[in-house]
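Written out below as structure tokens is the structure these notes cover.
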Amino acid sequence: MKGKIYIVPLIAVLMVFTAVSMGYARSPYVPNYFSYDPDWKGDLPKFGGYVDTYLTYSQQYDGQYNGLDARKAKFTLDRAELYVQHRVNDWADGYVEVSITAFDKTEINLDEAWLRVVIPWGNGLTLMGGVYDVPIGIGANENIDIWNWQFKMVNLLVAPWSITGGRAEYEIGPVNINFWIGNGWGYSEAYGVNAPNFGRDQPDTSMLYGGRIGVSPDEKFDVGVSCVWANQKLPEDRGGTGSWQSRTMVDMDFRWLDLPDFLGALDFELWWMELTDTPAIGSPPGSLQDAQAYGGVAQFNFNTPMDSLSVSLAYEFLHEEDGIVFGNAPGDLLSWSSPVPDQTRQSVEVTPLWALGDHVIVDLSWRCDWSTKDVFVNHDDGLTDFAWVAAWEWYYYF
């Protein structure tokens, strides 16, 4: 096991070194520019979208998390995404985004639908309402917008994803202030992580409150701190008493904006979360305590001598207490009887990205995950502490 862990970063470093050792050219494709365009205006609505397909090969079955339900060898028509944006002036615009997923069964999901208005008499004040992505951390909510093939664990399992509610934003020079309120803590259920484990679905909650303060001096970098809080009920069938408990998350994100030519991205994220009145593993039934989780993400994108090719590298770690993030042990997904205590997981992912013309993106991705516990399910139903998955993905966007 230890040998495998050392081999993982070595392979990643060698791939990146090979990509940049002969010089570099900036790729015409830069993620995080899909769909909504804040600078676009037109008399008619703007339409767009993409289709995403991929082929995966995984070392293990993983009943909890790996490869977005990747199997030993599986071809998937993942999703089709459509959006409509209408912006005719500088003070009001609307946006609607719908995804059609074909993961295990075909589903239609409303990803975003909102109206945004710039208040003329409040210099820098913007109000928005509807269904919208929560602006936390460095991870994009569109899989076409992320630098690597897979979403990060913090995006899938920890941070609120997309909520229905209102949002206010105010800018004072280089300072950006956001405040939002929504109908509870929403997770990434649209992307297949929908097992009936507490911490991976949306329990009954009161209103969610959150905010972010960010600073971008001279557009050299952007650094921000976010805080989110909500009350929720832990049902009795998941070890709770049906009483209210609170969930708090604090997140710090950093993006380097004024990048040198050999870099396409350099982003970091650190976060901490606490869940009050959690069933304590190894304690008598009904014993409750406050449980915490924390983690971090680092991601880079390196340009290469080919102007159509870049290489992304990502690393993430996540530590939890009392199963508040990952939930039950594998094989026990229908009850709250065997959560894994004090688990730490890490991951490394390497992804070469090709921009083929103006409408096609291709990536090859290799990711490994390892844990301090035996939590990954082998194909023979045994458990291991190490898992890897490879993917070949194609996007057509318009």
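Whether any residue in the stretch 184-207 is at pLDDT 80 or above, aliphatic (A, V, I, L, M) and either over 30 Å from Tyr315 (Cβ atoms) or in a loop (DSSP other than H, G, I, E, B) (or both) is what I want to check.
Within the stretch 184-207, the first condition is being at pLDDT 80 or above, and the residues that meet it are 207.
When the remaining residues are screened for being aliphatic (A, V, I, L, M), the result is 207.
After this cut, where a residue has to be either over 30 Å from Tyr315 (Cβ atoms) or in a loop (DSSP other than H, G, I, E, B) (or both) as well, the list is 207.
Scanning the stretch 184-207 turns up at least one residue that is at pLDDT 80 or above, aliphatic (A, V, I, L, M) and either over 30 Å from Tyr315 (Cβ atoms) or in a loop (DSSP other than H, G, I, E, B) (or both).
Please indicate, with yes or no, whether at least one residue in the stretch 235-255 is part of a loop (DSSP other than H, G, I, E, B), within 25 Å of the chain's Cα centre (by Cα), at pLDDT 85 or above and not aliphatic (A, V, I, L, M). I'd like the intermediate steps shown before the answer.
First pass over the stretch 235-255, keeping only residues part of a loop (DSSP other than H, G, I, E, B): 235, 239-243.
The next check asks that each one be within 25 Å of the chain's Cα centre (by Cα); those that pass are none.
The answer is no; no qualifying residue exists.
So Ile281 clears everything in (1) of a type in the set (Val, Ile, Thr); (2) closer than 21 Å to Phe326 by Cβ; (3) within 21 Å of the chain's Cα centre (by Cα) except one condition, right? Which one?
The single condition Ile281 does not satisfy is (3).
Checking the condition in a strand (DSSP E or B), modelled with pLDDT under 90, in contact with a Ser or Thr (Cβ under 9 Å, 6 or more places away or on another chain) and under 22 Å from Gly137 (Cα atoms), which residue from Gly210, Gly264 passes? Steps first, answer last, please.
Values: Gly210 fails: modelled with pLDDT under 90.
None of the others qualify; the one that does is Gly264.
What number goes with the only condition from (1) at negative phi; (2) open to solvent by 40 Å² or more (accessible area, probe 1.4 Å) that Asp145 does not pass?
(2)
Report those strands (runs of 3 or more DSSP E) wholly inside the stretch 326-398 carrying at least 1 residues which are in contact with a Pro (Cβ under 8 Å, 6 or more places away or on another chain), modelled with pLDDT of 85 or more and open to solvent by less than 20 Å² (accessible area, probe 1.4 Å).
On the way: elements: 343-356, 360-371, 386-397.
So the answer is 343-356, 360-371.
Filter the stretch 91-133 down to residues that are modelled with pLDDT of 80 or more, open to solvent by 50 Å² or more (accessible area, probe 1.4 Å) and not in a strand (DSSP E or B), then give me how many there are.
Here the count works out to 1.
The values are calculated or read from the model by the stated rules, or taken from the named source; none is laboratory data. The model shown is predicted, which means the values in this text are computed figures rather than measured ones. Ideal geometry is used to build each Cβ from the backbone, glycine not excepted, and the neighbour counts take in all protein chains shown. Just the protein is used for accessible areas: all its heavy atoms, side chains included, with ligands, DNA and RNA removed. Shrake-Rupley method; radii C 1.70, N 1.55, O 1.52, S 1.80 Å.
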